[in-house]
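This report refers to the structure that appears directly beneath it.
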Amino acid sequence: MTTHIALDDLAVAALVVDREGRVQAANTVAAELVGAPAEGLVGTRLDDLLVPVGPDRAPGAEPGPGGSDVCLRCADGRDVPVSVDARSSAGDSAGAGTKVMVLRPLAVGGRSDAMAGPSGIEVISTVSHELRSPLTSVKGYTSLLLSRWDRLSDEQKKTMLEQVHHDADRVTRLVNELLDISRLETGHLQLRFQTVVLPVIASSVVEKVALEYPELECGLDFVEGFPSVLADPDKVEQVLTNLVENAAKYASLKGMTVSGTVSGDSVAVAVADTGEGIPVADLPHIFTKFYRRDQGRPSGSGLGLWISRGLVEAHGGRLDAHSVVGRGSVFRFTLPLDANGRTPS
Ligand code: ADP
């Protein structure tokens, strides 16, 4: 498979820089960020465009850890803190020694504006709570198994071990979510693009969620010959699992559908439930990191939708929700048919 990246297909600011450190090309997002036309950036020295900042984010001070904390000097003289992810653009038309640099604006304190969330204390408290309950259960069941092994029936032992297994999965999932957060925020998320057959992934996700929710009734509605896409199968599965699980957790186990449609140069997958729906006032917040409508049961971290949206956007797609109170919700994500300009050879 060969890959070709069309800069303008990227949803993030990107520059192609030659071995002399001059901008060879810039995409529309980068041009918008700088406030100058993309052609105007061609030939600019990278040193004039990216200025190092210190921990206090004052231009001209020492670079931050890893040298990646820099400011982008905008056309109007403002310095916008950005994170920089540089990759050599091996073997493409840009020429040898060129680099593709992806720039992401950071809020003061190091977080991207769009991803800014609650304070560190709130984060620690949510994460600790979410980790504590499965670990308490693991500790309780294993203590019981060890102290009463001879007195427990095989059936009881099996039930307890199943619970321990399930709780260990919960801990792993939360830790993976936290790792995803740091990768998404630092721009270090790596996507492993492969040909992905969405109806197959959807069906296996529904089967897996049904192991936890045996009552689940979920229809699949994909037309025959639904086109495959280039995407990271693990990440697509993660997004779909989150949406189907949420529907099972917060809506209704019956009347759910996962459907696929094709429109123009993208495909869309929708998870529709027939639950209570989400009030209009809450809807804009559900994609915010750590946001939970109801802090009580069922438990959750408030990270799933935020991460899912980040993963979909990293593919060049979108994830949105529509909901009608009393009728249900539809979570729909798109993926480019030709993800990020890559084409199978
Ligand atoms: P978590 O499930 O861990 O709380 P998410 O980010 O996946 O985190 O979801 C955020 C919030 O959005 C949930 O707490 C819930 O209130 C709401 N939500 C998500 N999906 C649905 C759904 N299908 N129906 C109703 N509410 C939902």
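What the table shows:
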item: Within the range 158-188, tally of residues that are closer than 30 Å to LEU337 by Cα, in contact (Cβ under 8 Å) with a residue 12 or more places away in the chain and part of a helix (DSSP H, G or I); result: 7
item: Matching entry among PRO81, PRO55 (being at pLDDT below 75, surrounded by 18 or more Cβ atoms within 10 Å (Cβ to Cβ) and outside any helix (DSSP H, G or I)); result: PRO81
item: Residue identified as within 28 Å of the chain's Cα centre (by Cα), touching a residue at least 24 places away in the same chain (Cβ under 8 Å), outside any helix (DSSP H, G or I) and farther than 26 Å from GLY302 by Cα among LEU216, LEU230, LEU191; result: LEU230
item: Subset of the range 272-284 that is hydrophobic (A, V, I, L, M, F, W, C) and assigned to a loop (DSSP other than H, G, I, E, B) - its residue that is nearest to the chain's Cα centre (by Cα); result: ILE278
item: Test for LEU131: is it in contact (Cβ under 8 Å) with a residue 40 or more places away in the chain, within 22 Å of the chain's Cα centre (by Cα), in the same structural domain as GLY302 (by TED's automatic domain parsing) and surrounded by 14 or more Cβ atoms within 10 Å (Cβ to Cβ); result: no
item: The range 140-155, residues that are within 30 Å of LEU178 (Cα to Cα) and either assigned by TED's automatic domain parsing to the domain that holds SER299 or surrounded by 13 or more Cβ atoms within 10 Å (Cβ to Cβ) (or both); result: GLY140, TYR141, THR142
item: Inter-residue pairs, beta-carbon under 7 Å, first touching a residue at least 60 places away in the same chain (Cβ under 8 Å) and in the range 316-330, second of a type in the set (Asp, Glu) and within 11 Å of the ligand (Cβ to nearest atom), 6+ apart; result: GLY328/ASP273; SER329/ASP273
item: Residue check for VAL258: within 11 Å of the ligand (Cβ to nearest atom) and modelled with pLDDT of 95 or more; result: no
item: Residue match in the range 282-295 (condition: farther than 22 Å from ILE201 by Cβ and among the polar types (S, T, N, Q)); result: yes
item: Residue identified as free of Cβ contacts under 8 Å to residues at least 40 places away in the same chain, aliphatic (A, V, I, L, M), within 14 Å of the ligand (Cβ to nearest atom) and farther than 20 Å from HIS322 by Cβ among VAL209, VAL223, VAL244, VAL200; result: VAL209
item: Positions within the range 274-308 being among the hydroxyl-bearing types (Ser, Thr, Tyr), within 7 Å of the ligand (Cβ to nearest atom) and closer than 19 Å to VAL325 by Cβ, in sequence order; result: TYR291
item: Of residues in the range 294-327 being within 22 Å of ASP169 (Cα to Cα) and among the polar types (S, T, N, Q), the one modelled with the lowest pLDDT; result: GLN295
item: Test: residue in the range 247-260 that is among the basic types (Lys, Arg), under 22 Å from the mean Cα position of the chain (by Cα) and surrounded by fewer than 17 Cβ atoms within 10 Å (Cβ to Cβ); result: no
item: Residue tally, condition at pLDDT 70 or above and closer than 16 Å to ARG292 by Cα, over the range 113-155; result: 7
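Yes or no, residue by residue, for (1) within 26 Å of ILE181 (Cα to Cα); (2) not assigned by TED's automatic domain parsing to the domain that holds LYS208; (3) not in a loop (DSSP other than H, G, I, E, B):
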position	(1), (2), (3)
GLN238	yes, no, yes
ALA248	yes, no, yes
LEU253	no, no, no
ALA270	yes, no, yes
THR288	yes, no, no
GLU313	yes, no, yes
ARG332	yes, no, yes
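The values are calculated or read from the model by the stated rules, or taken from the named source; none is laboratory data. The structure presented is a predicted model; accordingly, all values stated were derived computationally and were not measured. Note that we place each Cβ from the backbone using ideal geometry, even for glycine, and neighbour counts take in every protein chain shown.
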